[in-house]
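To start, the structure itself, in structure tokens.
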Amino acid sequence: MSESLAAARSLPLTDLSEDERMFRDMVRDFAEKEVRPLVASMDQQAQIPPELIKKCFGLGVMGIEIPEAYGGSASTFFMAVLAVEELARVDASVAVCVDVQNTLVNNLLLRWGNDDQKKRYCPKLAESWVGAYALSEAGSGSDAFALACRATDRGDHFEITGRKLWITNAAEAELFVVMANVDPSKGYKGITTFLVERGTPGFAVGKKEDKLGIRASSTCELILEGCTVPRANVLGEVGKGYKIAIETLNEGRIGIGAQMVGVAQGAFEHALKYSQERQQFGHAIADFQGIQFQLAEMATELEAARLLTYNAARLRDAGAPFIKEAAMAKLFASRIAEHVTSKAIEIYGGNGFTREYPVEKYFRDQKVGQIYEGTSNMQLMVIAKQLLGKL
Ligand SMILES: Cc1cc2nc3c(=O)[nH]c(=O)nc-3n(C[C@H](O)[C@H](O)[C@H](O)COP(=O)(O)OP(=O)(O)OC[C@H]3O[C@@H](n4cnc5c(N)ncnc54)[C@H](O)[C@@H]3O)c2cc1C
């Protein structure tokens with residue numbers, strides 16, 4: 001065990017350093033002042049206003065781990081987790097936009113990009129370009145490596161043809177990380193990662209999904225027809241895209257754990273407040289033990305999910321193994337987010353079931369946590385493989 005990890009373990013997981021606390025407070029303040037007033041209209045209009053995304057860049061939450069030399073905040077993965085949690089406490093759509101940018105797109109560029117690619121894209125991603133991560137297709141979700149998108153080697157460039165589905169941030173993104181197979185005869189070992197700019201010939205963003213939750217987050221199809229991508233935009237090695245995809249998602253799912261903790265926290269805070277205001281039988285409903293016990297259960301579940309998530313993020317930052325812990329964090333946090341948001345609606349009674357009150361949106365927003373970046377069954381598979389040593 002490294003010395004830094006040993007030192008970190010002597011502290012409570014939720015004990016934040018001065019920098020972490022200041023950053024968390026800054027994001028919380030931003031979420032309250034800039035995001036909260038827009039939550040209902042963003043949900044109705046199914047869009048994050050471009051000005052709000054600009055403000056996220058201005059705040060520095062779109063390039064958290066990007067080095068200062070490239071205009072980023074040169075911070076940790078744990079800070080990205082804090083940002084996602086705080087934003088999701090107010091709005092899960094803004095949170096997932098920031099999450100995909102940091103834990104997937106920036107993360108893989110920093111890890112696998114060469115100097116030229118980092119120089120070309122990191123400053124843009126820190127300053128104004130939204131990124132998207134395109135792995136899933138209509139026929140390949142959980143079985144991601146069965147993807148049908150093909151890339152043909154034309155010497156100085158590749159021609160990519162195929163369709164991607166469910167791509168978060170696609171409506172806003174300028175840079176798309178696209179997985180395509182250069183040699184299907186090699187199976188998953190043909191999968192290669194390409195950096196594709198919006199506006200590349202043969203590339204188009206297609207239909208936007210009309211969703212149950214995280215409605216303001218764009219989720220679109222991508223259409224690639226002979227899309228011409230320069231060889232210089234192959235990320236990592238040809239044929240190593242499967243490794244990039246898996247390893248990025250291993251980390252990314254900690255961010256989804258944080259998103260689910262934030263969603264559950266937001267709903268819980270509303271329920272706690274409402275329970276002290278709503279009068280029945282001549283008392284605030286929080287005076288009844290039946291309600292108190294529900295609040296206590298919710299708070300306990302939240303605490304456990306936060307500890308799992310923080311632990312996974314801190315392990316990742318310490319360079320320690322974290323794959324099992326990350327899958328557990330996402331699995332558990334998405335489950336408790338469903339339970340906590342559902343209970344929040346019950347505490348609101350009939351009011352909770354209407355769109356005039358805030359809790360039904362949290363309930364709708366949480367459901368995707370059990371689906372994207374690997375369904376709950378896929379998390380169970382990851383955990384079981386780790387337990388059984390079948391890696
Ligand atoms: C809002 C939203 C945003 C998304 N954003 C992105 C994105 O930005 N980029 C991207 O690439 N993808 C994205 N996705 C896609 C997402 O990752 C997939 O939806 C997810 O991986 C599940 O794939 P699927 O929908 O094809 O479901 P399927 O794989 O068809 O699964 C259906 C059901 O079968 C179960 N199942 C499948 N195989 C097994 C098995 N072997 N054992 C047990 N159970 C199994 C699953 O757990 C699930 O319950 C997004 C999806 C949504 C809904």
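Among all the lysines, which ones have a C-alpha under 26 Å from Lys240's C-alpha, if same-chain residues fewer than 8 places away are not counted?
Here the lysines satisfying the reach criterion relative to Lys240 are Lys118, Lys119, Lys124, Lys164, Lys186, Lys189, Lys324, Lys330, Lys385, Lys390.
What's the FRET efficiency of Leu11 with Glu303 using the Cβ-Cβ distance as r and R₀ = 22 Å, to the nearest 0.05?
E between Leu11 and Glu303, to the nearest 0.05, is 0.85.
Once fully extended, how much extra length lies between Lys189 and Ser376, figured as 0.36 nm per residue of separation less the alpha-carbon to alpha-carbon distance?
64.8 nm
What residue among Gly266, Gly60, Gly213 has the largest mean-square fluctuation in a Gaussian network model of the chain, using Cα springs under 10 Å?
Among Gly266, Gly60, Gly213, the largest mean-square fluctuation in the Gaussian network model of the chain belongs to Gly60.
Once you have the Kirkwood Rh of the range 101-212 from its Cα pairs, apply Stokes-Einstein at 37 °C and 0.692 mPa s and quote D in µm²/s.
On the way: Rh = 14.8 Å.
The diffusion coefficient I find is 223 µm²/s.
Using DSSP to call loops (not H, G, I, E or B), can you name the trypsin sites (Lys or Arg not before Pro) in the range 293-385 whose Cβ has at most 15 other Cβ atoms within 10 angstrom?
Passing both the DSSP loop test and the Cβ count: Arg355.
Could you give me the radius of gyration and the Dmax of the range 228-320, taking only the C-alpha atoms into account and expressing both in angstrom?
Values for the range 228-320 (Cα only, Rg and Dmax): 21.8, 72 Å.
Please return the longest stretch of the chain lacking exposed loop sites, where GluC sites (Glu not before Pro) count only if DSSP places them in a loop and at most 15 other Cβ atoms lie within 10 Å. Let's see the in-between values first.
Working: sites that count: Glu237, Glu356.
Free of exposed loop sites, the longest segment is 1-236.
Sort largest first and round to whole Å: the equivalent ellipsoid semi-axes of the range 300-391, each the square root of five times a Cα gyration tensor eigenvalue.
Working: eigenvalues 187, 38, 19 Å².
After scaling each eigenvalue by five and taking roots: 31, 14, 10 Å.
Can you tell me the mean projection area, over all orientations, of the convex hull of the range 47-156's alpha carbons? Units nm², please.
Average of the hull's projected areas for the range 47-156 equals 8.7 nm².
Please give the contour-minus-distance gain from Lys54 to Arg355: 0.36 nm per residue of separation, less the Cα-Cα distance, rounded to one decimal in nm.
105.6 nm
For all pairs of alpha-carbon atoms in the range 92-150, what percent lies in each bin of width 5 Å, listed from the first bin to the last filled one?
Taking every Cα pair in the range 92-150, the percentages come to 4, 17, 21, 19, 19, 15, 6.
What is the ratio of the Cα radius of gyration of the range 156-258 to 2.2 N^0.38 Å, with N the residue count, to two decimals?
Against the empirical 2.2 N^0.38 Å value, I get 1.12 for the range 156-258.
Return the carbon/sulfur percentage of the accessible area of the chain, one whole number, probe 1.4 Å, all protein chains in place.
54
Find, to one decimal place in angstroms, the Kirkwood hydrodynamic radius of the chain, where the mean of 1/r is taken over every pair of different Cα atoms and then inverted.
It works out to 21.4 Å.
Among Ile256, Ile323, Tyr310, which residue has its Cα furthest toward the positive end of the charge dipole of the range 253-391, with +1 on Lys/Arg Cβ and -1 on Asp/Glu Cβ?
It is Ile323.
Scan the range 183-267 for chymotrypsin sites (Phe, Trp or Tyr not before Pro) in coil per DSSP, keeping those whose Cβ has at most 15 other Cβ atoms within 10 Å, and list them by number.
Answer by residue number: there is no such site.
Rolling a 1.4 angstrom probe over the protein heavy atoms, how many square angstrom per residue are accessible across the chain?
43
Using square roots of five times the C-alpha gyration tensor eigenvalues, list the equivalent-ellipsoid semi-axes of the range 136-186 in whole Å, biggest first.
Values: eigenvalues 78, 55, 10 Å².
Result for the range 136-186: semi-axes of 20, 17, 7 Å.
Sort out for me the Cα centre separation of the range 107-152 from the range 262-291, rounded to whole Å.
43
Please give the Cα centre distance for the range 17-54 versus the range 296-362, rounded to the nearest Å.
Cα centroid of the range 17-54 versus Cα centroid of the range 296-362: 19 Å apart.
What does the net charge come to around Gly71 if you take all other residues with beta carbon closer than 14 Å to its beta carbon, with K and R at +1 and D and E at -1?
Working: positive: Lys118, Lys119, Arg120, Lys124; negative: Glu65, Glu68, Glu127.
That works out to +1.
The values are calculated or read from the model by the stated rules, or taken from the named source; none is laboratory data. None of these values were measured; they are calculated from a predicted model. All Cβ positions, even for glycine, are placed from backbone atoms using ideal geometry, and neighbour counts span all protein chains on display. Side chains are part of the model used for accessible areas, which takes the heavy atoms of the whole protein and leaves out ligands, DNA and RNA. Shrake-Rupley method; radii C 1.70, N 1.55, O 1.52, S 1.80 Å.
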